[in-house]
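Before any comments, here is the structure.
The values are calculated or read from the model by the stated rules, or taken from the named source; none is laboratory data. Bear in mind that the values here come from a model prediction, so they are computed numbers and not experimental data. Glycine also receives a Cβ, built like all others from the backbone with ideal geometry; neighbour counts cover every protein chain displayed.
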Ligand SMILES: [Zn+2]
């Protein structure tokens, strides 16, 4: 019989997005194959991270402390806000070096078959984050799946006067996830419109 501690651990790995049971087991065996020092380092680092990490009180990007490194940067343009679905979208946009404003991370997409109170709560918070914001860029995935989220965001923004809303216009292919876009496409579809 497989030791229960094995299955318990694999069940946790199986909960990772886009990881199935088979991959979870492969990952598990891979972890066990690593030498003990590396394994210990991995789990100690994860424990420290887990103890220290929280979400930025302004944009919800993971942060050590109250504010993330982006919101804490005084050189950023604090009149621009880019709304993204996921944390990895922030990394892609940052790597493109085409944008110098702040972000607002929704934490995923609102899907009809899945209740996402966490996203709804962040959206309720959104109006409070718009002080001094002049332009909002909607950098949500250009997919049918993202439509309900985009509509919800726009519904919230509609009641806020004096805010220019920029939506992806062109260049983003249908089915385009922000995190996979190259800097030129991002520039063409979003940042050039400002
Ligand atoms: Zn932040």
So, restricting to strands (runs of 3 or more DSSP E) that lie completely within region 99-182, which ones have at least 3 residues that are surrounded by 12 or more Cβ atoms within 10 Å (Cβ to Cβ) and over 16 Å from the mean Cα position of the chain (by Cα)? 164-166
Could you check region 98-108 and list, in sequence order, the residues that are at pLDDT 90 or above and away from the ligand (no atom under 16 Å from the Cβ)? 108
Within region 67-87, identify whether any single residue is part of a helix (DSSP H, G or I) and either under 18 Å from the mean Cα position of the chain (by Cα) or within 13 Å of the ligand (Cβ to nearest atom) (or both), and answer yes or no. yes
With the first residue restricted to region 34-61 and required to be without any contact (Cβ under 8 Å) to a residue 40 or more places away in the chain, and the second required to be in a helix (DSSP H, G or I) and more than 16 Å from the ligand (Cβ to nearest atom), Cβ contacts under 9 Å at 6 or more apart or on different chains are 34/42; 39/31; 39/32; 42/31
